[in-house]
Structures are given as C-alpha cells and as structure tokens.
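Report on one structure; see the data block that follows.
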Amino acid sequence: MLAHFLDGLRCSVCQTLNALRLDSARELVECRECGQSAMVFPEIGEGQGS
C-alpha cells in the first residue's frame with residue numbers, strides 16, 4: 001500500500017507532520033490539517049521489471 005510512504009512527511013504548507021493522506025480514487029494527496037492537496041502522477045514504467 002502506498003499510504004505508508006506518507007509516514008514521516010510534512011505538509012509543505014502548514015508543516016504538520018504525519019497529516020498527509022492518499023485519496024487514490026481522486027489521485028490526490030491531502031493534508032488533514034490545512035486541506036492543501038496535490039495531484040499524484042504515477043511514474044511511467046513503475047512496477048515493471050527490468
């Protein structure tokens with residue numbers, strides 16, 4: 001699950017630690033504290049073996 005990668009990160013706006021959550025249905029990362037959101041873009045070729 002991708003959500004565990006958000007542990008230990010701070011919101012770039014309010015600097016709150018561990019307040020980010022992934023909304024995979026809307027492809028957004030949102031801060032539960034201030035409401036700031038950012039779109040998530042998957043990396044091309046992610047998950048494909050070499």
Residue list for the stretch 13-30, restricted to those being modelled with pLDDT under 95 and surrounded by 10 or more Cβ atoms within 10 Å (Cβ to Cβ): ASN18, ALA19, LEU20, ARG21, LEU22, ASP23, SER24, ARG26, GLU27, LEU28, VAL29, GLU30
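Looking at the stretch 37-50, which of the residues that are open to solvent by 90 Å² or more (accessible area, probe 1.4 Å) and among the polar types (S, T, N, Q) is modelled with the lowest pLDDT?
Ranking the qualifying residues of the stretch 37-50, first place goes to SER50.
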Within the stretch 1-12, considering residues that are at negative phi and at pLDDT 90 or above, the one most open to solvent (accessible area, probe 1.4 Å): ARG10
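The values are calculated or read from the model by the stated rules, or taken from the named source; none is laboratory data. In this text the structure is predicted, and so the values were computed from the model without any measurement. Positions of Cβ are generated from backbone atoms using ideal geometry, with glycine treated the same way; all protein chains shown enter the neighbour counts. In case anyone asks, the SASA skips ligands and DNA or RNA and just uses the protein heavy atoms, side chains included. Shrake-Rupley method; radii C 1.70, N 1.55, O 1.52, S 1.80 Å.
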